[in-house]
Amino acid sequence: MAKHIFQSHRDRVTNELDQKLSQQLKKELSTPDRSSMTEEELFSFAPFNPDASERGGYSNYSYWGATIRAFFKNKVAVFFLLILVCTLAFTFIQPNLPGQRDPILIHYNESGRTLANLAPGEQGFIFGTNNLGQDIWARIWSGTRTSLFIGFTVACVEAVLGILMGVLWGYVRQLDFFFTELYNVFDNIPQTLLLILIAYVLNPSVPTIIFALCLTGWLGMARFIRNQIIIIRDRDYNLASRCLGTPTRRIIFRNLLPYLVSVITMRMALAIPSAIGNEVFVTYIGIGLPLEIPSLGNLINTGRELMTIPALRYQLYFPVAVLALITISFYIIGNAFADAADPKNHVN
Amino acid sequence: MPKYILKRILRSLLTMAIVITVVFSLLRLMPIEGYFENYDKLSQTQIDLGLQQLGLKDPLYKQLWNFGKQLLSGDLGTSIRYRKGVSINTIVAEKAPISLQLGLISLTIALALGLPLGILMSRSTRTRWKIGDKLGTVFIVIIQAVPAAAYHILIQFAGSQGIIHFGDWALKLPMLFKVGDYRTYILPILSLAIGNIAYYAMWLRRYMVDEANKDYIKLARAKGVPGGQISRRHIFRNAMVPLIQYIPNSILFTLMGSLYVESLYSIPGMGGLLVAVIKRQDNTMVLALVVIYSVISILGLLFGDLLMALLDPRITLAKKEAR
Amino acid sequence: MKHTKRLTALCLAGALVLGLAACGGKKDPESVGSAAPGGKDPAPAQTSTYRQLYSSEVETMNYLTTTTFENLRIPANVVDTLIEYDRYGVVQPSLAESWESNEDASEWTFHIRKGVKWVDKTGAEVAEVKAQDWVDAAYYILDANNDSGSEYNWDVAQVTNAHNYFEYTAYLLALETATDGVDENGNPAKLDEDGDVIEEVAPVAKEDIGVKATDDYTLVYTLDAPCPYFLSMLCWSAFMPVNGEFLESHKDSFGIDNDNLLYCGAYILSDFQPQVQQVLTKNPTYWDKDNIFIDTIQRTYNAEANTLGTTMFLQGEVDEAEISANLLSSLMSSYSDQIHSSRPDTSYSYWYLFNFDPNFDAQYEPENWKKAVNNENFRLSIMHGLDRVNALQVYNPEDPESELSNTITPLAFASASKDYAYYGGLDKYTDGDTFDTAKALEYKEKAMSELSAAGATFPVKVYVRYNPSTSNWADECQLVEQQLENALGSDYIDVIVEAGPDTGFLGAIRRTGNYGLMKCNWGADFSDASAFIVDPFKEGSSYSFIFKSEDAQTQAYYQQYLELVAKALKITDDDEARYETFAQAEAVLLDHGFAIPMHTSSKVYSFSLLNPFEGPYAAFGFATYRFKGQHLLEKSMGMEEFHAAYEQWLIERDAAVAAQ
């Protein structure tokens, strides 16, 4: 179930990418949306340019340069990139700003009672306090930090393991059966069961959650890479390489992987919010991070319980807003970057 | 083709056997305390006895063998904790139809709204300001970004508390689901459908835009085929091919229900059943559900592939298999 | 060709959708739709319906095997016990009209009420309730084949041969799967799965168990030892009756739903749909039906009852909603005239315990902890440094002081001529608060110098554990951590809070000693001074492992406690002396800082149309789960009314107890 909800999102995106990529690969030439252009825009006479005719075969094309240039042409993506960078930077800067409070420090009033559930803005608490008298502002940033850390780590492990396994799976035909079975088996083992067992053996903590999320996460990535590899492994240029005796390693690293840069970055960008989303779910079913480690998951979950009181709903809205913003940013940046990383879009 | 199907089913059986063995072994690692209600007050004799009666002292292969035999006779077993002594077939037969019914209604709605939205969005990409496309994208992105843990409960409160109101009229639907009272179906179905609407719209738009850029469409346009006809007969139909593959899966997966929605609205369906039985360490039910879900996902993939092969003559299963 | 293929495909997809939809739609009303109407409709004027939400479905209603309150909530209302408790906690006749015991309270005779019927879910009579019903229940519970959790209570009551019969049936069961082998001396023996020798157990016939029906209406329990508090154990599932024939014919399905139960209590479970609803309707044949004032109890399942309950109450959709502690203050500010708490509940007692056999990771310095924990001044510094009221805010932000419990056996739990908590030197705890920073710092100074001499390092790591699935415990630990470190200084202690696993918590943490300082609890099974103070601290217990301490001073204190307990257990004819001695034993534990009492079962705040003082009251068994005697109010009671009614109730209760 758990798996279904969150992996399905990721799988959808994977499949979407999958389809998109294969179509791109199949196409002889990229066809940006020119159909709406007028005849004049589509065709114009090229005047003779003597300087250009003198130019030799030199091209100053640089892949990454072109990618970055293409990316920065997308204003919306740049805007979200800015937001993301600021958010990220702020989670690190925030504890060092003057007047910030410790996210787990409990605040008391004069009579020794906790300053519980203060409304946003009251007594200098920007986002108010929770039921223990802890500063929600500080907790949200600390929680974002934790969640992003979980997201990044899981995404990195997924990328490294997933790419490695995916390439082997796709390129080495003898391993196909093994990996396919492995994938099917893991896909059908309930993630909840694994999480509970891991939490039982280790204690619930950030490394435990990361471990649990990584344990099965890489499989999706591996399958995705494998599908891409299969599409391109028997292309003529690879066939030629093999015939010329290029070592497998070199084929993989020089011929295959560079082809996949755009989709890999896209998937990584999506893996981060999906790991955070998974953490929220895991907290909801009661096996998430302990409360003394703030994370977006347990902040949202605590906020949910307060839904019944309109005055306290802010405790749900704030973490949800932060999580939504992060997800949207990654989604848009990932999409834009994948487009930009496709060399066909560099030709203008 | 029948040969191919047979081969795939046989391979799936192998997968299932492995899955069951692995889950069996994992369940054996669960803390024994979880099998007892008052562990703290039991003597060692009682604990041993309890474990023996649960069959947990038998060797693994013996348990597996028994489970396999029972499974082949169509019996999923008897619950040991969740509803002690009740046949799992009964429990699933009670719960599955409810999830299925709600899921199918919401899926139908999602298709009925999501596909037109996708078409509108893709059409809108051809207009000057692409307003429709932009609005649609905003909707899709927001739905995907707000965590399910939050948006279901927000929908429930928004729909039942009269927060949405115009003058004297306020939207006050019942908070809890009740079988047979159709007013109570509205909110959970909306909750279930909204994610799928976004999902289908997003996909269809993507495929239609890609399709519209293909040369044959351009040719058709150049030849003066009317826009509506191109859209209906060529773009939409071809764009549906990759989508159709996931529809059997979506239909079958409605059986699993949704944990969030079913918890919030008191829907006695399958949602969250797996989580509940894992947490209660009802091993027989965990296994039964794993079997059910494996079958669902295997069948879903198979049907999807078959449908796609039927719809798109360019796709042959033999080739797919080679991949 | 192409066309037909596509058509086929579309038809296939369509058929799949329609087929599934149809089967979903059709099956559905048949299997669950039968009880669709009802529920939300307001009850007709002449009958009263009480509507509540519940978030945890029963696993089984087989009250002979299950022991959880959640599972026993329905059985408690549909099957009566020999005795019952009234609203003041005084024992009253129920299915036993009268009873007597022999001189040393080791043989109890009950005279069963005549004419009480077992009925089925429609109210049709099935059989008469007879003395044999309790005997049949005993045979079932004590037979190891049935794997009942209630055997424990028979053990505690020391009913003659109860345990022996259980052991014997367990032995027979073990033999079924045993293999032949030899023991360490080479003699032939039976071996179990692990290859261990199965000890032979002498045969016991079930007729030898100390529970007998001498005629249809006379039931006799024979105990191995005097048990003056035997009566108090009887309002619990372990001593409920069952119709033997019905049990025999329903064997494996007994208690799985409302068809597989017989009713002789105040209510009948007329509708039972798991994860949908439970409907209790008044039993028309009930022997005491004049004291049942609510006709129907409509319980609706919702997994998120905690989140939705208050909203639904305020909309008038339910008549009760528990208020979780994190919502209390906010709701109190607007609805203080409708929110009330429950009566104090002493069924569980919670205390912080120091672990004397630390068995945790080296990074938390178990050896250092061992040194520290065996130092009395160290323990006392923590005891006096802990601001318990501060920690209790998480359970009751409105009135944390009222949650305080100052003794291991809580106040108002048991009394002889006065309350137990005032015997044997416990009065200074009962009437005071151990929190005293000045005193704590004094102990800290002493402890620091003594411990430095003993080679301990500072700060001492205090490893606190909690179960993340127990509500509010995580919050409590955070409060305790910060408060203790502030009060005692982080140069002295470093409190480290860590969550344990949520499944298998006790086994992974407490029973294996994987903690330094942790809140533990014990629940009472009967009304006596020994209910709390013996089991958790006895030798071989799995709580704080004092008995494993190698420190001479600690052992000396512990021996002192053991001797007092042993002495007290032997006093069965003199309540005064028994209470005094038990209290002295408890005082030894408190004086030397082995335990820090915290609280009892927390009060539950709620909106509710029931009067919280009308229901049966008791600290053991399921009396408080019964709806008997309760009326439906027009409006939920507010806190002011509650306090007034509580004062009144205390006065009446004292009178009722005195008149006993």
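The requirement of being open to solvent by 50 Å² or more (accessible area, probe 1.4 Å), touching a residue at least 40 places away in the same chain (Cβ under 8 Å) and not hydrophobic (A, V, I, L, M, F, W, C) is not satisfied by residue C:418. Looking across the range B:136-188 at every residue that is more than 12 Å from every other protein chain (Cβ to nearest Cβ) and surrounded by 21 or more Cβ atoms within 10 Å (Cβ to Cβ), the one that is nearest to the chain's Cα centre (by Cα) is identified as B:188. Selection of first residues in the range C:495-512 that are basic (Lys, Arg) and of second residues that are in a strand (DSSP E or B), restricted to Cβ pairs under 9 Å at least 6 apart or on distinct chains, gives the following pairs, ordered by first then second residue: C:510/C:353; C:510/C:465; C:510/C:518; C:510/C:520.
Yes or no: the range C:327-344 includes at least one residue that is closer than 27 Å to residue C:382 by Cα, open to solvent by less than 20 Å² (accessible area, probe 1.4 Å), of a type in the set (A, V, I, L, M, F, W, C) and within 25 Å of the chain's Cα centre (by Cα). No. Going by the conditions given, is residue A:325 open to solvent by 10 Å² or more (accessible area, probe 1.4 Å), closer than 19 Å to residue B:202 by Cβ, more than 7 Å from every other protein chain (Cβ to nearest Cβ) and assigned to a helix (DSSP H, G or I)? No: the conditions fail for residue A:325.
Quick check: anything in the range A:292-307 touching a residue at least 40 places away in the same chain (Cβ under 8 Å), more than 12 Å from chain C (Cβ to nearest Cβ), open to solvent by less than 10 Å² (accessible area, probe 1.4 Å) and among the hydroxyl-bearing types (Ser, Thr, Tyr)? The answer is yes, given that some residue of the range A:292-307 is touching a residue at least 40 places away in the same chain (Cβ under 8 Å), more than 12 Å from chain C (Cβ to nearest Cβ), open to solvent by less than 10 Å² (accessible area, probe 1.4 Å) and among the hydroxyl-bearing types (Ser, Thr, Tyr).
Tallying residues that are surrounded by 15 or more Cβ atoms within 10 Å (Cβ to Cβ) and among the aliphatic types (A, V, I, L, M) within the range A:79-131 yields 10. Does residue C:459 meet the test of being more than 30 Å from residue C:371 (Cβ to Cβ) and either in the same structural domain as residue C:490 (by TED's automatic domain parsing) or touching a residue at least 60 places away in the same chain (Cβ under 8 Å) (or both)? The answer is no for residue C:459. Quick check on residue C:635: is it farther than 27 Å from residue C:417 by Cα and either in the same structural domain as residue C:236 (by TED's automatic domain parsing) or crowded, with 22+ Cβ neighbours inside 10 Å (or both)? Here the answer is no, as residue C:635 does not meet what is asked. Here residue B:106 meets each of (1) under 30 Å from residue B:243 (Cα atoms); (2) within 12 Å of chain C (Cβ to nearest Cβ); (3) over 21 Å from the mean Cα position of the chain (by Cα) with one exception, condition (3).
Only one entry of C:447, C:474, C:456 meets the criterion of being part of a helix (DSSP H, G or I) and farther than 19 Å from residue C:352 by Cα, and that entry is C:447. Selection of first residues in the range C:355-372 that are on the phi > 0 side of the Ramachandran plot and of second residues that are in a helix (DSSP H, G or I), restricted to Cβ pairs under 6 Å at least 6 apart or on distinct chains, gives an empty result.
Going by the conditions given, is residue A:204 in contact (Cβ under 8 Å) with a residue 60 or more places away in the chain and in contact with a Pro (Cβ under 8 Å, 6 or more places away or on another chain)? Criteria met by residue A:204. State whether one or more residues within the range B:97-118 are open to solvent by less than 40 Å² (accessible area, probe 1.4 Å), more than 30 Å from residue B:207 (Cβ to Cβ) and out of contact with any Gly (no Cβ under 7 Å at 6 or more places or on another chain). No, the range B:97-118 contains no residue that is open to solvent by less than 40 Å² (accessible area, probe 1.4 Å), more than 30 Å from residue B:207 (Cβ to Cβ) and out of contact with any Gly (no Cβ under 7 Å at 6 or more places or on another chain). The condition (being among the aliphatic types (A, V, I, L, M) and outside the structural domain of residue C:444 (by TED's automatic domain parsing)) is satisfied by just one residue among C:569, C:589, C:610: C:610.
Considering only residues that are among the hydroxyl-bearing types (Ser, Thr, Tyr) and either free of Cβ contacts under 8 Å to residues at least 12 places away in the same chain or surrounded by 22 or more Cβ atoms within 10 Å (Cβ to Cβ) (or both), which ones fall in the range A:143-171? Selection gives A:144, A:146, A:147.
Scanning the range B:76-85 for residues that are surrounded by fewer than 20 Cβ atoms within 10 Å (Cβ to Cβ) and at the interface with chain C (Cβ under 7 Å from one of its Cβ atoms) gives a single hit, B:85. Can you pull out the residues in the range C:355-389 that are outside any loop (DSSP other than H, G, I, E, B), of a type in the set (S, T, N, Q) and open to solvent by less than 10 Å² (accessible area, probe 1.4 Å)? Within the range C:355-389, C:381 is the sole residue that qualifies.
Residue by residue, here is whether (1) without any contact (Cβ under 8 Å) to a residue 24 or more places away in the chain; (2) open to solvent by 50 Å² or more (accessible area, probe 1.4 Å) holds:
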| residue | (1), (2) |
| --- | --- |
| C:139 | no, no |
| C:148 | no, no |
| C:179 | yes, yes |
| C:193 | yes, yes |
| C:203 | no, yes |
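The helices (runs of 4 or more DSSP H) located wholly in the range A:174-253 that include 3 or more residues which are under 25 Å from the mean Cα position of the chain (by Cα) and buried (at least 22 other Cβ atoms within 10 Å of the Cβ) occupy A:191-201, A:206-233.
What about residue C:296, is it open to solvent by 20 Å² or more (accessible area, probe 1.4 Å) and either within 30 Å of residue C:327 (Cα to Cα) or free of Cβ contacts under 8 Å to residues at least 60 places away in the same chain (or both)? In short, yes. Can you name the condition, by its number, that residue C:315 falls short on among (1) farther than 30 Å from residue C:524 by Cβ; (2) crowded, with 20+ Cβ neighbours inside 10 Å; (3) within 14 Å of chain B (Cβ to nearest Cβ)? Here residue C:315 clears every test but (2).
Consider the range C:504-553 and keep the residues that are away from chain B (no Cβ under 14 Å), open to solvent by 30 Å² or more (accessible area, probe 1.4 Å) and assigned to a loop (DSSP other than H, G, I, E, B). The one that is farthest from residue C:356 (Cα to Cα) is C:527.
The values are calculated or read from the model by the stated rules, or taken from the named source; none is laboratory data. All of these numbers come straight from a predicted model, not from anything done at the bench. Glycine gets a Cβ as well: all are built from the backbone with ideal geometry, and neighbour counts include every protein chain shown. Surface areas here come from the heavy atoms of the whole protein model, side chains and all, with no ligands, DNA or RNA. Shrake-Rupley method; radii C 1.70, N 1.55, O 1.52, S 1.80 Å.
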